[in-house]
Every structure is written in C-alpha cells, then in structure tokens.
Amino acid sequence: MLGHDTLRPQVRAVTTRLSAYDQYGTGYQSKSGPLLGPGSERLTVFQPQAEIVITQGDRLTHRIWIPIDIITAASPNSWQPAVDVVSGASRKTEAGTLQWTTTYKRDAASLISATQGLHLENPFRSWNAGVGVQHGFADQNTVVSAGLVGIFDWFDRFYVTGARNGRTQRSSTMGSVGLTQVLTPTTIVNVNYGLTVQAGQLGNTWNAVPLANGERGPELLPSERIRHAVVGRMAQFLPWNGAVRLHYRLYVDDWGILAHSIEGRLLQRLSPRVYIGALYRFHTQTAPSFFTTRASVDAPLRVADSDLAPLDSHTIGAKLVGDAPVSGMAQSLHYEVGYDRYFRSNDLRMDIVTCSIGLRF
C-alpha cells in the first residue's frame, strides 16, 4: 500500500535542451522548384525541450516531456496564398507536444507504465496513449517487456495547388515485445520486435508527384500499411573505462520497403564525471513498388517523396557529456553538447546541433 506521505511529489531532475536542424537538398515531391522537380527541401528547425522527472515514493515515477518546434520549410509553404498561415516559402510554423509517462514499480522485478500525449500545430492535431509492462527474472539478468501504443492524427487536407480541402485523419496502432539478457558481467544484449498497423490518410496531402503529361499531381497512397521491425542491440563494457554499443534494425512493410540500419556508438570516460561519445549509422532501403519521379496520369498509386526513395544514408556524430557538482538543493549540474552530420545518396543532408543542461536532485 502507498501511504499519503509516501505519495508526496519530489522533483528528481529538470533538464532543458535545444536542438537545431539545418537541412539542404532536393526532392521530387517538393513544389519549391521546377514544375517537374526536383524542388527544394530546405528546412530549418529549432526545438527547445523541457523534461521533468518527478517521483512519488519508491514506486511511482513521472516523466513530463515538452518539446516545442519552430520550423521554416520551403516545400509545403511555397504554393499557398499569402493570407494562409502555412503560406510563402520559408514562413514559420510552430508546434508543441506534451507527453506524460508514469511508471509504477510493482515489485523488485516488475514495472508497469502508462503514457499519454498531445501534439498541436497548424494544421495538425495528434493524440496518443499507451501502456507497457516489464518483468525481470533470475535477479534481473533476464528482462521481458511488452508495449501497446495508439495514435490518432487529425489534420487539414490540401489540393496539390495548395488550397485546403477539408480535414482527414489516420490512426496507428503499435505493439512491441522485447527481451534483454545479461550474458556476462560486462555484456548485455537486447532483441525487440515491433508491429505497426496504420489506416487512413497516410500522406501529408501537400506532396506533389511529377506526371508524364508535364504537370504535377497529388500523391496517391494506399489507405492501409502494416510495418514490421526487428531490432538487436548489444552493449559491451571496455576495460579502459569505455563502452561500445551496437545496433541493428531490419524493417519491412507491405508497401514493398525493405530496410537495414546498422549503428555503432563508442563511449569513453575521461573522468568520473565526464565522458565523450562517437556515433556512426548506416541505413539502406528499397522503395515501394509505386515510387516514381514521372508517374502515369492514370496510375492508381504514386509517390515521389524522397524519404520513400531507394537510398543509402550515413550519420556521423560526436558528443560531450558531464556532471558538475553544485551546492544547495541540487546534487549535480548535467550538461551535454553534441553534433551529428546526416547525408544520403539522393541529395539530402542535415546538420544537427544539440545543447542540454539540467539539474539532478
């Protein structure tokens, strides 16, 4: 039983983070360029975030996450009349999310969690809710987990010319199961399977597709999608006070996309309170059967989105993370600075800078 006094909330951590994304490139779905493309995919995002961790006794933990996005984008804003809130290339759009996750420690081996969230932006609304369970065996050397999340999106629909065409919606249901195993005192492995079922309008409705008659047409996508992902992870402690983390992901869906992702992270502690990290990630994927950069006018399905094209991508990154002792109510000041460079084979590249600072109580 949880008594009244044990449920008194206590703030354990407050963290603020600022991430900046600067994207360059072209894609045939973009209308910011030649009629038959490719058009600009120029995008700049500033994302301040706040995270608060609150405990209630030894069993309840709350995580409140609030990211705010400030976005400028060439493609979706290039065809609208100036009176529209999403009009004009490089005009700004703001978006915000509130995500609240509560974890209950049932006993030394079992956790139950619930999450709910709301995302707001013009012209998009999204709600999500989910539950998760975790149970450990053999002194937590083996941990089994499962989760279920539902997402409902409600957003404006657009004609390819940019005029609004009412509203539309989609739903996503995601389930996952996982197993984590301690192999040795210095080695941990994890495997996870996830299934996502989507239904409704599965595009953003403003993307264009170049047509064989020299005009632009709208995307035509299936109304359903079933997605599978299998993920394997390994973490290995290194005797010189470092660690390596390896990650592999296999993805396949019923649109015909097959993707492989491989990631490696190397962490090295410089002192008891400071470590550095390096990252490399490689991703390769095939395209859906209806991907094209010049579609037939009467094609029942068509898409030219560069994110769905056959491509190879690379990410290279580094970060510095530390904790500095402080006096007063807090135990330490946590800080992090990171940089990632993302680039891929179909003319898209991105620079990502992240700065974070927070207090641990």
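A few points about this structure:
- The one condition in (1) modelled with pLDDT of 90 or more; (2) surrounded by 15 or more Cβ atoms within 10 Å (Cβ to Cβ); (3) under 30 Å from residue 163 (Cβ atoms) that residue 120 fails to fulfil: (2)
- Of all the residues in the range 1-57, those that are under 30 Å from residue 304 (Cβ atoms) and either hydrophobic (A, V, I, L, M, F, W, C) or not in a strand (DSSP E or B) (or both) number 17.
- Residue in the range 215-228 that is free of Cβ contacts under 8 Å to residues at least 60 places away in the same chain, outside any strand (DSSP E or B) and open to solvent by 30 Å² or more (accessible area, probe 1.4 Å) present: yes
- Test: residue in the range 250-258 that is of a type in the set (Val, Ile, Thr) and under 22 Å from the mean Cα position of the chain (by Cα): yes
Yes/no per residue for (1) open to solvent by 60 Å² or more (accessible area, probe 1.4 Å); (2) of a type in the set (Ser, Thr, Tyr); (3) at pLDDT 95 or above:
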residue	(1), (2), (3)
253	no, no, yes
261	no, yes, yes
277	no, no, yes
324	no, no, no
338	no, no, yes
341	yes, no, yes
350	no, no, yes
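- Among the residues of the range 242-265, the ones that are part of a strand (DSSP E or B) and either on the phi > 0 side of the Ramachandran plot or of a type outside the set (A, V, I, L, M) (or both) come to 12 in all.
- The criterion of at least 1 residues that are open to solvent by 60 Å² or more (accessible area, probe 1.4 Å), touching a strand residue (DSSP E or B) at 6+ places or on another chain (Cβ under 6 Å) and hydrophobic (A, V, I, L, M, F, W, C) is met by the following strands (runs of 3 or more DSSP E) wholly inside the range 146-211: 164-184, 187-200.
- When residues of the range 259-284 are limited to those that are of a type in the set (S, T, N, Q) and over 18 Å from the mean Cα position of the chain (by Cα), the one farthest from residue 203 (Cα to Cα): 271
- In the range 253-265, the residues that are of a type in the set (Ser, Thr, Tyr) reach residues that are modelled with pLDDT of 95 or more with C-beta atoms within less than 6 angstrom, at least six apart or across chains, in these pairs: 261/249; 261/283.
The values are calculated or read from the model by the stated rules, or taken from the named source; none is laboratory data. Please read these numbers as outputs of a predicted model, since none were measured by experiment. Here Cβ is always computed from backbone atoms with ideal geometry, including for glycine, and neighbour counts include all displayed protein chains. For the accessible areas, the whole protein counts, side chains as well, though only heavy atoms, and no ligand, DNA or RNA atoms are used. Shrake-Rupley method; radii C 1.70, N 1.55, O 1.52, S 1.80 Å.
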